[in-house]
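Let me begin by presenting the structure, written as structure tokens, before commenting on it.
The values are calculated or read from the model by the stated rules, or taken from the named source; none is laboratory data. Computed from a predicted model, the values in this text were never measured in an experiment. When we count neighbours, we look across all protein chains shown, and the Cβ atoms used for this are built from the backbone with ideal geometry, even at glycine.
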Amino acid sequence: GGGGGGALRGEMSQNPNLNAKQMAEYYYLQAIRYNNQYAPAWIGLAELWREQQQYARAISCYKTILKFQPASAETYSGLGLCYTELKQFAEAERCYSQVVGMYRQNAVALANLAGVYYEQGRLDLAIQTYKEAIKVDPNFPEVYNNLSNALREAGFLDDAISCYTTCIRIQCGLPPTASIYRGALPSLFNSPAAVQRLCVVYNNLGGVLKIQGRVQEAMACFQQVRILTPDSPEAHANLASAYKDCGKHDYAIVEYRHALNLRGDLPDAFANYVHSMQCICDWTDRESLFLRLEECVQYSLAMGTLPPVQPFHAMAYPFSEDLALKISKAYANHCEIVSHGLPF
């Protein structure tokens, strides 16, 4: 044993430029060379390659483990994650179903399976399986957020709002009846990852509230995101959009300017900024604003993306008839594509 270890250290010392992951890969492979049924090494190697997005190599490792550990839930979970990333959802479903079959009371396995159903557009199954995961773990915020997304897409907007709200309360450690709209936030949000997760839910909730016409509550959500991430251009742009939708163009303009100062290449925010400027009859830099807006539209059309100006606005702007027609055609094509995915 001692001689072997010395040989390994000797080989590694000849490669001083290897980083930590390369060293880990090297030692996992050496361990497998000595015992090709040593599961921890295979698992470590598979997870290392999965993290590096080398999914084919990771899948090969996981499949090797199953040859000598056919009932390994950890292995099926890893395989499922790889197939999910590769969008091979039928294979991912098979793997996650194996794990759920072994451990019916595993909330993570149920959530993973529900996620595959969601990606496949099987919303009824996704909703049902997310609810099963919540029964197992009632304080699993990510599941509440994902369930809310599925409910929103299935048209159950009130249920989606309720789930998003519960998700926020869990993440903030608030009691069930506490308001989620407040300036003071828990100290746990010193963690950037926790802040990001919370902002995602507030943005999702704000979007559904806007759809329902509950603009004041939507604004409150976007204000929370701005408080949490004051340097995020998207936070300012979302709040500005909510202000615009309820006719508060002065407030919208302030937020759009913040967003565009933080990040100049936000064509939708810029188009909405120009729109709000017109609504309050502020003609400051009007000519240069419309020249820049036309450039944004022409770029979007050239790239095959939806222009930031909608057809009915284009007709009121100093655009050529030809450009207005191109904008209308782009939106018509988009609507046709969307209609193919509707259930009728």
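Observations, loosely collected:
Each row is one residue, and each column tells you yes or no for (1) closer than 18 Å to Ser162 by Cα; (2) part of a loop (DSSP other than H, G, I, E, B).
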{"site": "Cys221", "(1), (2)": "yes, no"}
{"site": "Val225", "(1), (2)": "no, no"}
{"site": "Asp231", "(1), (2)": "no, yes"}
{"site": "Ala240", "(1), (2)": "no, no"}
{"site": "Ala252", "(1), (2)": "no, no"}
{"site": "Arg257", "(1), (2)": "no, no"}
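- Residue match in region 134-143 (condition: in contact (Cβ under 8 Å) with a residue 60 or more places away in the chain and surrounded by fewer than 21 Cβ atoms within 10 Å (Cβ to Cβ)): yes
- Selection within region 26-55 - within 19 Å of Gln88 (Cα to Cα) and either free of Cβ contacts under 8 Å to residues at least 12 places away in the same chain or in a helix (DSSP H, G or I) (or both): Ala46, Glu47, Trp49, Arg50, Glu51, Gln54, Tyr55
- Residues that are closer than 12 Å to Ala73 by Cβ, without any contact (Cβ under 8 Å) to a residue 24 or more places away in the chain and aliphatic (A, V, I, L, M) within region 85-105 comprise just one, Val100.
- For region 56-72, the set of residues classified as assigned to a helix (DSSP H, G or I) and buried (at least 18 other Cβ atoms within 10 Å of the Cβ) consists of Ala58, Ile59, Cys61, Tyr62, Thr64, Ile65, listed by residue number.
- Within region 104-162, restricting attention to residues that are assigned to a helix (DSSP H, G or I) and of a type in the set (Asp, Glu), the residue that is nearest to Tyr202 (Cα to Cα) is Glu142.
- Identity of the residue in region 163-183, of a type in the set (Val, Ile, Thr) and surrounded by 14 or more Cβ atoms within 10 Å (Cβ to Cβ), that ends up nearest to Val201 (Cα to Cα): Ile168
- Taking residues in region 67-82 that are in the same structural domain as Arg94 (by TED's automatic domain parsing) and of a type in the set (A, V, I, L, M, F, W, C), and partners anywhere that are at pLDDT 90 or above and not in a helix (DSSP H, G or I), the pairs with Cβ atoms closer than 9 Å and at least 6 places apart or on different chains are Ala73/Asn106; Cys82/Gln88.
- Scan of region 297-324 for residues that are surrounded by 14 or more Cβ atoms within 10 Å (Cβ to Cβ), assigned to a helix (DSSP H, G or I) and of a type in the set (A, V, I, L, M), ordered by number: Val297, Leu301, Ala314, Leu323, Ala324
- Condition check for Arg57: over 18 Å from the mean Cα position of the chain (by Cα) and at pLDDT below 90: yes
- Qualifying position, being under 23 Å from Glu321 (Cα atoms), surrounded by fewer than 20 Cβ atoms within 10 Å (Cβ to Cβ) and not acidic (Asp, Glu), among Leu260, Leu289: Leu289
- Here Gly78, Gly115, Gly44 are screened, and the one residue that is modelled with pLDDT under 85, surrounded by 13 or more Cβ atoms within 10 Å (Cβ to Cβ) and within 30 Å of the chain's Cα centre (by Cα) is Gly44.
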